[in-house]
Amino acid sequence: MRLRTAPTRSICFVAGLMVSVGLVRAQPIQNGAGGTSSFSQVTQATTLDSGIELRDGTLLMQITAMRDDVIRLRASRTGTLPEDASWAVLPEARAASVVVVQDRDEKSVGFHTASLRVRIDRANGLLTLLDASGKIIQQDAEPLQFEGDRFRIAKAMPLDEHYFGLGDKTGAFDHRDEAFRMWNTDAYAWQESTDPLYKSIPFYLSYRAGISLGVLIDNTWPCSFDFGKTLGDTFQYRAEGGPADIYILYGPSAKHVLESYAWLTGPTPLPPLWALGFQQSRYSYMTQARVLEVAERLRKDNIPVDAIYLDIDYQEKNRPFTINHDTFPDMPGLIAKLHQEKLHVVSITDLHVADLPGHNYAPFDSGMAGDHFVKNADGSFFVGPVWPGPSVFPDFTQQQTRAWWGTLYQGFTHMGMDGFWNDMNEPSVFTPLKTIPGDALHRIDEPGFARREATHREIHNVYGMENSRATFDGQLALKPDVRPFVLTRATYAGGQRYAATWTGDNSATWNHLRLTISMLKNLGLSGFSLAGADVGGYAGTPSAELLTKWIEIAAFQPIDRDHAEKGTGDHEPWANGPEQEAIRRRFIETRYRLLPYLYTAMEAGTHTGLPLLRPLFLEFPDAALDHHPLDVNLDASGEFMVGSDLLVAAPPFLDKADDYDAKLPSTGWYDFWTGDRVHEGKAPMTTGSLQSNEARTQATPFVHLHPELATLPVFVRPGTILPMAPLVESTSERPQGPLALRVFPGPDCAGDLYQDDGVSFAYKHGEYMRMHFTCSLDHGTLTIHVGKHEGHYPAWWHSLAVEVNGLAANPSSITNNGRSVTADTSDHRLAFTVADDGSGMDIVLHN
């Protein structure tokens, strides 16, 4: 459902203006010359309890410590700071502060906390950020500069520093040597060089020799990030307007940076359990009969699945919140039937409202009555062509408009629809401009903001997020004790609070499958743990081999949605015949068996901010000798972590039949499929930044692999206790049989399990169950500790099926709390079942 044009990275169209992404180094200037001014000296310094305020003529800069490890910098050219308001940063975080210790001498002013030291050179205004030991972790290359309403930031780029984040930007995982625009854009069939895309997440994570720093530049205006593409030693940021409002989050670990970012902007909330199941979609299942046919085939073929999507053709003439009763004559009956099949229903609800005065179209009539639509500069309502034809657009910057939008879901919610899909919300308009004109007017009426008008240029990048917020809040208002599920295409920093997302209109090519891995890694590093890509590729028909391999890899990614464009071949798992279907079913089944592990990781992320899909360096910052992130190596680019303990090792180029060496970030790994220890080789690996003239080598563990269509290498970290469930075909089913605990002995051996009802918020009131597991090896005797059940939610199992892998020899005996246990043994693996009454146990495998 997309426009068929894709802008390139070199030039992009923003609100009717052609803007070059290329940036040039500013020449030294005099304040006020040509309307340009830079903070080039400190003429006045005023101490604050939490920081310092600096002036250079009319230029004002305020630097404060929100926490010992979080610094905020705000600046203005007018002598007065702009309004302190944010769509991204939580109010409670913005109100945080700590008392600092002031530092000043003849050459510099600044302050320090327990973790950081801020120093500003009096003579040139350059800011340097150091850690507590005095090591420089960030440094200005040039002073902060204003040119009218625009501003520019320039930072030094050490040769061995790497850059991640910004959401799902294309290209290499590492953004070094690349430049990107922030302007949410409908980018149908985007390619590796396409920019901008659908999202504007102005947060990046720098990583240098294992030390991480996060930077959020909270500005919704059109802006650009240049990571040395123009000047190889200088990071440059330019904004076309808006506030200079910068948050700097110090690690030193990348994990801690992400935890701080979640504190700042909010974590991904705990989704309904079914959202982690397999989801089937296409544009479009054209009739009610076809939807039922697909659903019945999924169940007949015993393919686990939890959701089916309805794209725009279920609507009357593509009008949101309507139903085409000719093709969907009984929507309530359809939903009831799908629910009987234990399938959830997700329907698309685009934000463009058909401009239909006098046609008894309730969304238009009620929206007009409440004055809820975006207006042109002259006060008339903006009308633009989209799928329903001429359409008007809700003004989501008004809290009352968001509340009105939420009420539009009442009928669908009453019918039993389970989730909603906000597409086209960049917003996309079928004109050469591709969106609402930049001078159109929004009315900001929002707690924490001054009431005022704002142009679309200011609001554009946050518009999709506020659309998903309105949908999310509307679901909560209609069903207060049911976790909402919203899927959005466009969003902004902090949008993870309201919706899952996906990478938009990708293509059915091997290259797009390869790009998906780096895009989802960067989305996870940008706050979005619940993210995915259209499985099989949206644009075009995938080959049988491509669809199979994509389904295999997507089984280990957070959102697993098979989706396809109108006019393309079948994408469903049975496409291409029974041999391909059998492979695909096996991987979807594996996902369902892993749901206890996946759900536990998702719940932990609501506290830690850590994504489900992770780059290797997040778990293994010391994998390389020089501590560079292993993922930037081309030969490791197909690899990713699922939670902390599973490593998926797809080949770097998935369409090649050549053997390859999967790099392992440590030793002692196990094969997930067999439980056997991996036979590792050692090979020299070039380390260090690609920009460095010096390269070192180290012996790196690897496993030599031959790619096969029916297999995907997955490895388990030594020291893992992996919870798995009996197979179900829907998360609505209660698993039958014991909970499986697969034990892979190794250092710091542990595992966790979290369970709740998967639907409601009762877990906030104690209706959950947690378990913690450990194992330790002492002189050949292995002890497995199973913690007691914590919380009030009952377990679905009554016993544990324990499988211990990698034993050098079978134990002489096994006891559970002192009582003898009988086990089956084979190939350095043993299995046994023990009762679990919730009180905990110690299982000892005696030498």
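Assorted remarks:
- For the stretch 793-813, the criterion of being touching a Pro at 6+ places or on another chain (Cβ under 9 Å), farther than 24 Å from PHE672 by Cβ, at pLDDT below 95 and not hydroxyl-bearing (Ser, Thr, Tyr) is satisfied by no residue at all.
- Residues of the stretch 800-837 classified as within 30 Å of PHE761 (Cβ to Cβ) and loosely packed, with under 15 Cβ neighbours inside 10 Å, total: 1
- Applying a threshold of 9 Å to beta carbon distances and a minimum spacing of six or more residues, or different chains, the list of pairs starting in the stretch 575-588 at a residue that is farther than 14 Å from ASP562 by Cα and among the basic types (Lys, Arg) and ending at one that is in a loop (DSSP other than H, G, I, E, B) and open to solvent by 20 Å² or more (accessible area, probe 1.4 Å) reads ARG586/ALA710.
- Yes/no for HIS772 being under 19 Å from LEU598 (Cβ atoms) and either without any contact (Cβ under 8 Å) to a residue 60 or more places away in the chain or part of a loop (DSSP other than H, G, I, E, B) (or both): yes
- Residue in the stretch 379-396 that is among the hydrophobic types (A, V, I, L, M, F, W, C) and within 30 Å of LEU273 (Cβ to Cβ) present: yes
- Some residue of the stretch 556-567 being on the phi > 0 side of the Ramachandran plot, out of contact with any strand residue (DSSP E or B) (no Cβ under 9 Å at 6 or more places or on another chain) and part of a loop (DSSP other than H, G, I, E, B): yes
- For the stretch 581-596, the criterion of being farther than 23 Å from PRO713 by Cβ, of a type outside the set (Ser, Thr, Tyr) and buried (at least 24 other Cβ atoms within 10 Å of the Cβ) is met by none of the residues.
Listed here are the residues, each with its yes/no results for (1) open to solvent by less than 30 Å² (accessible area, probe 1.4 Å); (2) assigned to a strand (DSSP E or B); (3) among the basic types (Lys, Arg); (4) touching a Lys or Arg at 6+ places or on another chain (Cβ under 6 Å).
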position: TYR163; (1), (2), (3), (4): yes, yes, no, yes
position: ASP168; (1), (2), (3), (4): yes, no, no, no
position: GLY171; (1), (2), (3), (4): yes, no, no, no
position: PRO196; (1), (2), (3), (4): yes, no, no, yes
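- Among the residues of the stretch 628-650, those that are open to solvent by less than 20 Å² (accessible area, probe 1.4 Å) and in a loop (DSSP other than H, G, I, E, B) comprise HIS628, PRO629, GLY638, GLY643, ALA650.
- Residue tally, condition more than 20 Å from HIS772 (Cα to Cα) and either touching a Cys at 6+ places or on another chain (Cβ under 6 Å) or open to solvent by less than 30 Å² (accessible area, probe 1.4 Å) (or both), over the stretch 706-725: 4
- Against the test of being in contact with a Leu (Cβ under 8 Å, 6 or more places away or on another chain) and within 12 Å of VAL743 (Cα to Cα), the options ALA795, ALA801, ALA831, ALA823 yield a single qualifying residue, ALA801.
- Residue within the stretch 71-94 that is charged (D, E, K, R), surrounded by fewer than 17 Cβ atoms within 10 Å (Cβ to Cβ), more than 29 Å from LEU630 (Cβ to Cβ) and in contact with a Gly (Cβ under 8 Å, 6 or more places away or on another chain) present: no
- Being open to solvent by less than 30 Å² (accessible area, probe 1.4 Å), under 23 Å from GLU572 (Cβ atoms) and either in contact with an Asp or Glu (Cβ under 6 Å, 6 or more places away or on another chain) or among the small types (Gly, Ala, Ser) (or both) is a property that holds for ALA307.
- Tabulated pairs, the stretch 593-620, first closer than 22 Å to TYR763 by Cα, second of a type in the set (Phe, Trp, Tyr) and open to solvent by less than 20 Å² (accessible area, probe 1.4 Å), C-beta under 7 angstrom, 6+ apart or interchain: TYR599/TYR754; THR600/TYR754; GLU603/TYR754; GLY609/TYR261
- In the stretch 479-497 there is no residue that is surrounded by fewer than 23 Cβ atoms within 10 Å (Cβ to Cβ), at pLDDT 95 or above and of a type in the set (S, T, N, Q).
- Residues of the stretch 403-418 that are surrounded by fewer than 24 Cβ atoms within 10 Å (Cβ to Cβ), closer than 18 Å to PHE485 by Cβ and in contact with a His (Cβ under 9 Å, 6 or more places away or on another chain): GLY416, MET417.
- Residue selected from the stretch 230-252 under the condition hydrophobic (A, V, I, L, M, F, W, C) and assigned to a strand (DSSP E or B), by the criterion surrounded by the fewest Cβ atoms within 10 Å (Cβ to Cβ): ILE246
- Residue in the stretch 786-799 that is over 29 Å from the mean Cα position of the chain (by Cα), under 19 Å from SER644 (Cβ atoms) and open to solvent by less than 70 Å² (accessible area, probe 1.4 Å) present: yes
- Filter pass, GLY675 being over 26 Å from the mean Cα position of the chain (by Cα), of a type outside the set (Val, Ile, Thr), crowded, with 16+ Cβ neighbours inside 10 Å and under 29 Å from VAL257 (Cα atoms): no
The values are calculated or read from the model by the stated rules, or taken from the named source; none is laboratory data. Everything numeric in this text was worked out from a predicted model, so none of it was measured. Quick reminder, even Gly has a Cβ in these numbers, built from the backbone with ideal geometry, and neighbours come from all protein chains shown. SASA here: full protein model, heavy atoms, side chains in, ligands and nucleic acids out. Shrake-Rupley method; radii C 1.70, N 1.55, O 1.52, S 1.80 Å.
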